[in-house]
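Asker: Here it is, the structure, as structure tokens.
The values are calculated or read from the model by the stated rules, or taken from the named source; none is laboratory data. All figures in this text were calculated on a predicted structure; none of them were measured in a lab. Every residue, glycine among them, receives a Cβ derived from its backbone with ideal geometry; neighbour counts consider all protein chains shown. The accessibility values were calculated without ligands, DNA or RNA, using every heavy atom of the protein model including side chains. Shrake-Rupley method; radii C 1.70, N 1.55, O 1.52, S 1.80 Å.
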Amino acid sequence: MTGAQNRLVILTRELLAAWGETRQDWRDEKAVEFEKRFLDELNTSVNAAVTNIDSLERILKQIHTDCD
């Protein structure tokens, strides 16, 4: 994992941890809606982004190797 990917994962974990703390006090339907609408999607998107970045890095390394 690159530095950027690692940072993205760490920051996402920190955000979700902060949300966990907030969620202890915010327990209504809007909290559930917020979590489903934004945070579930964010977590899914970050995981997809990390996977896609890995794929792109492998392709770019192969292109670089092929061009040498």
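Asker: Looking at the stretch 5-28, I want the residues that are at pLDDT below 95 and have a partner that is open to solvent by 80 Å² or more (accessible area, probe 1.4 Å) with Cβ atoms under 9 Å, at least 6 apart or on another chain. Which pairs are those?
Answerer: VAL9/MET1; VAL9/ASN47
Asker: Mind counting the residues in the stretch 47-68 that are open to solvent by 60 Å² or more (accessible area, probe 1.4 Å) and either touching a strand residue (DSSP E or B) at 6+ places or on another chain (Cβ under 7 Å) or closer than 22 Å to GLY20 by Cβ (or both)?
Answerer: Matching residues across the stretch 47-68 total 1.
Asker: Okay, moving on. Specify the residue that is most open to solvent (accessible area, probe 1.4 Å); the eligible residues are those in the stretch 27-46 that are basic (Lys, Arg) and assigned to a helix (DSSP H, G or I). Outline the logic, then answer.
Answerer: Here is the first cut: in the stretch 27-46, the ones basic (Lys, Arg) are 27, 30, 36-37.
Applying the additional criterion that residues be assigned to a helix (DSSP H, G or I) yields 30, 36-37.
Working: LYS30: 120, LYS36: 136, ARG37: 154 Å².
Here the residue is ARG37.
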